[in-house]
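The values are calculated or read from the model by the stated rules, or taken from the named source; none is laboratory data. If you're wondering where the values come from, they're calculated on a predicted model, not measured in any experiment. So basically every Cβ, Gly included, is an ideal-geometry build from the backbone, and we count neighbours across all protein chains shown.
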Amino acid sequence: MNDRQSRLLAAIIDQFIATAGPVGSKKLLESGEFSCSSATIRNEMGALEDEGFLQQPHISAGRIPTASGYRLYVREHMKPSNREAVVRKKFESLKEHYFMQKDQERVYEAVALLTHMIPNVAFATVPHKSRVYYLGLSNVLKQPEFHVDPTLASGMAEVLEDHLTRVLSGMDITDHIQYYIGEENVLEQIHSCSMMVTRYEIRGEEGVIGILGPMRMDYGYNTVALDMITELLRSS
């Protein structure tokens with residue numbers, strides 16, 4: 001294979017990869033890569049076909065590469081460095097979305113794990129988003145306090161659904177667990193409850209994780225459980 005045939009094969013494969021259509025001599029001349037005549041290009045394409053690097057799907061069509069043509073292209077003509085800028089731009093645009101999605105999944109899984117450990121509600125804010133995951137309301141509804149006064153359950157549900165994000169954003173939350181007991185809670189709906197909150201960080205973004213339940217909660221147990229889950233988030 002001479003130099004022109006080699007360059008011709010590379011040009012045909014590049015065009016076929018981009019267009020998925022057979023490549024003819026006219027397209028190759030229009031690319032400006034070759035200064036020879038159309039007849040010369042057709043002759044060279046015929047030679048490449050005879051050598052098994054190209055094939056012609058129809059008599060009137062241009063050529064497309066064969067497996068042997070692709071093999072030679074990969075071995076001698078492929079230049080990954082020429083595509084690096086395009087690939088890196090795509091990668092960077094998708095990478096942040098990928099990690100944000102993974103962050104959300106990690107927070108949700110942490111809340112789910114904490115819910116299985118405690119008989120209360122577990123919640124956490126999600127970095128990058130003004131939303132809160134919470135699970136375990138059914139745990140709380142089994143507590144005797146909520147059987148005596150059903151309005152406590154509806155009040156807690158209202159706070160979780162409509163107000164928790166705003167309440168948490170107004171708190172000065174640190175890396176140490178803080179306890180809001182009874183009327184120390186901002187909202188009247190949870191004056192019969194206690195809230196425990198602390199801060200976590202994922203990839204430089206901060207979030208809040210905590211527990212909400214009746215004042216009659218096991219503070220020592222919940223403190224250890226919340227510490228463990230928070231440490232799990234911080235180390236991920």
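Identify the residue in the stretch 64-109 that is hydrophobic (A, V, I, L, M, F, W, C) and outside any helix (DSSP H, G or I) and, among all such residues, is farthest from the chain's Cα centre (by Cα).
Among residues in the stretch 64-109 that are hydrophobic (A, V, I, L, M, F, W, C) and outside any helix (DSSP H, G or I), the one farthest from the chain's Cα centre (by Cα) is 64.
If we scan the stretch 120-127, do we find a residue that is more than 29 Å from the chain's Cα centre (by Cα) and touching a residue at least 60 places away in the same chain (Cβ under 8 Å)?
Yes; the residues of the stretch 120-127 include at least one that is more than 29 Å from the chain's Cα centre (by Cα) and touching a residue at least 60 places away in the same chain (Cβ under 8 Å).
Which of the following residues is at pLDDT 90 or above and not in a helix (DSSP H, G or I): 122, 112?
Just a single option satisfies the conditions, and that option is 122.
For the subset of the stretch 71-99 comprising residues that are in contact (Cβ under 8 Å) with a residue 12 or more places away in the chain and surrounded by fewer than 17 Cβ atoms within 10 Å (Cβ to Cβ), which member is farthest from residue 193 (Cα to Cα)?
Per the stated criteria, the residue is 76.
Test residue 41 against the stated conditions and say whether it is touching a Leu at 6+ places or on another chain (Cβ under 9 Å), surrounded by 10 or more Cβ atoms within 10 Å (Cβ to Cβ), modelled with pLDDT under 90 and outside any loop (DSSP other than H, G, I, E, B).
It is true that residue 41 is touching a Leu at 6+ places or on another chain (Cβ under 9 Å), surrounded by 10 or more Cβ atoms within 10 Å (Cβ to Cβ), modelled with pLDDT under 90 and outside any loop (DSSP other than H, G, I, E, B).
Residues are listed down the side, and each one gets a yes or a no for (1) at positive phi; (2) outside the structural domain of residue 196 (by TED's automatic domain parsing); (3) touching a Cys at 6+ places or on another chain (Cβ under 9 Å); (4) not aromatic (Phe, Trp, Tyr):
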site	(1), (2), (3), (4)
84	no, yes, no, yes
87	no, yes, no, yes
90	no, yes, no, yes
99	no, no, no, no
103	no, no, no, yes
108	no, no, no, no
115	no, no, no, yes
124	no, no, no, yes
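Considering every residue within the stretch 175-197, establish whether at least one is closer than 22 Å to residue 104 by Cα, acidic (Asp, Glu) and in contact with an Asp or Glu (Cβ under 9 Å, 6 or more places away or on another chain).
Yes, the stretch 175-197 contains at least one residue that is closer than 22 Å to residue 104 by Cα, acidic (Asp, Glu) and in contact with an Asp or Glu (Cβ under 9 Å, 6 or more places away or on another chain).
Residue-by-condition table, conditions (1) closer than 30 Å to residue 100 by Cα; (2) surrounded by 16 or more Cβ atoms within 10 Å (Cβ to Cβ); (3) not assigned by TED's automatic domain parsing to the domain that holds residue 228:
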residue: 131; (1), (2), (3): yes, no, no
residue: 135; (1), (2), (3): yes, yes, no
residue: 149; (1), (2), (3): no, no, no
residue: 160; (1), (2), (3): yes, yes, no
residue: 167; (1), (2), (3): yes, yes, no
residue: 170; (1), (2), (3): yes, no, no
residue: 175; (1), (2), (3): yes, no, no
residue: 181; (1), (2), (3): no, no, no
residue: 190; (1), (2), (3): no, yes, no
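Looking only at the stretch 3-25, how many residues end up being surrounded by 12 or more Cβ atoms within 10 Å (Cβ to Cβ) and free of Cβ contacts under 8 Å to residues at least 60 places away in the same chain?
14
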